[in-house]
Amino acid sequence: MMRNALLFALMAALFVFTGLTQSWNVALTILNMGVISAIMALGVNMQWGYAGLFNIGVMGFAALGGLAVVLVATPPVEGAMAAGGWRILGALAVGVAALVAASLVWRRLPRFRMLAVLSIIVAGFFIFRGIFDPGVAAVEAINPTIQGNLGGFGLPVLLAWPAGGILAALAAWAIGKTALGLRSDYLAIATLGIAEITLAILRNEEWLSRGVKNVIGLPRPVPYEVDLQRSTAFVDWATGFGFDPAAASSIVVKLCYLGLFAVVLALVMLLAELALHSPWGRMMRAIRDNEVAAGAMGKNVKARHLQIFIIGSAVIGIAGAMMTTLDSQLTPSAYQPLRFTFLIWVMVIVGGSGNNWGAMLGGFLIWWLWVMVEPMGASLLHTLTAPLPDGWAKAHLLDGAAHMRLLTMGIILLLVLRFSPRGLIPGR
């Protein structure tokens, strides 16, 4: 316990050091994203550390959480539903009905079922496209410069966070029903494929998410800096303490975000710890360690895997919605495997898979390093190359500062795997 407390104290000292040496705005910005990364790491830790499920589609579930913010919090685009929104919904209903009908025919028709299923799918596809395409064209023609989509329900943005978890959970259910009965490598391929399909939809279906045009100006659950600066009471309070109102407004907004994010992290952490140390958690660890023995004891291994896969994905979806809310925009092209899959896995491995506290520590530590290593590396390279004459060699070394974060992540991962292979705070 003393060692774990010391690790968290050192992590807190890094953020204090950042605030003192750079600015508290920078420190709070890193800390807010660190909290979101820690929640994502907890979701992956539930899947891998509890049940041994290898999910490399983290970015897909995070993107679904971001999409939930657009669908829930943005106001509906005027005239979009009348122009083609109902046609789009009708086409989606036709597609779902065709898939359900094909599934029922496959199960119940004793003869010629392959031909019947193909006929249903082909007919459903053409009917779907015939209804869907005109609706999409009509919606995307509505003020395409700043809109061109259906919009959302105009609800409070905080409701988008649980909605993001629900949307990610539904996707996880669809993946798990088809892939969890297979080997772990097939699950990894399925999650990666679904993540790429999700991102392809977000990038190309402008009626849904505006595609590469991005959705900007999303509602915020905290005040805007400019509104605080216009408030006489706030300006008087800031100047009374000797603060610049502009800098103080930015810090207050980040503290408000931090308070909301900390509540979510504490709630997820509490529920995760209660679940891990409950009989259900012991059953999950038993399934992780030996599926054959657990199945022989009467445990439904596939059902439990599906359960934890849905829960972990929901946590990732909530974190994805929080991140989009913090950014106030949805940028589909920003979801990259390096940031939203590899980095989250490094957090879990370095922190300690199977231990919630380790996953949370890894989220804070790796994100701090990911942000701070590049400027620190640039300063180090400028110092080391100062005696060198100007030329190709010096310029080449200075240009390599952008790759310092990748080099650092690899070195940290190797060091942890060599000297503490179970992570900084290993699971029991």
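Side notes on the structure shown:
- Spatially, segment 135-207 and segment 272-322 are offset by 24 Å when compared through their Cα centroids.
- Rounded to the nearest 10 degrees, the inclination of helix 113-140 to the longest alpha-carbon principal axis of the chain is 50 degrees.
- In plain terms, the chain from Arg282 to Gln329 could stretch by 12.9 nm, reckoned as 0.36 nm per residue minus the Cα-Cα distance.
- Volume of the Cα convex hull of segment 50-111, divided per residue and given in Å³: 165
- Using a Gaussian network model of the chain in which every pair of alpha carbons under 10 angstrom is joined by a spring, one finds that among Ile146, Ile311, Ile166 the greatest mean-square fluctuation is at Ile146.
- Set against the 2.2 N^0.38 Å expectation for a compact globular protein, segment 38-143 has a Cα radius of gyration ratio of 1.52.
- Take 268-278, 102-112, 32-42, 326-336 and order them by the average number of nearby Cβ atoms within 10 Å per residue, most first; the result is 32-42, 326-336, 268-278, 102-112.
- In degrees, nearest ten, helix 404-419 long axis to first principal axis of the chain (Cα): 90
- Relative exposure of Glu140, Glu205, judged by other C-beta atoms within 10 Å (fewest first): Glu205, Glu140
- Dividing the summed helix terms, -39500 (n - 2.57) for each DSSP H run of n ≥ 4, by the number of residues in the chain produces a 222 nm estimate of -24000 deg cm²/dmol to the nearest 500.
- Nearest 10 degrees, 0 to 90: helix 245-276 Cα axis against the chain principal axis: 60
- When peptides 290-301, 57-68, 77-88 are ranked by their average number of other Cβ atoms within 10 Å per residue, the highest-first order is 57-68, 77-88, 290-301.
Read-outs throughout are calculated quantities, based only on the coordinates presented, and are distinct from any laboratory measurement. This one's a predicted model, so the numbers in the text were calculated from it and none came from an experiment. With ideal geometry, Cβ positions are generated from the backbone for all residues, glycine too; neighbour counts draw on all protein chains shown.
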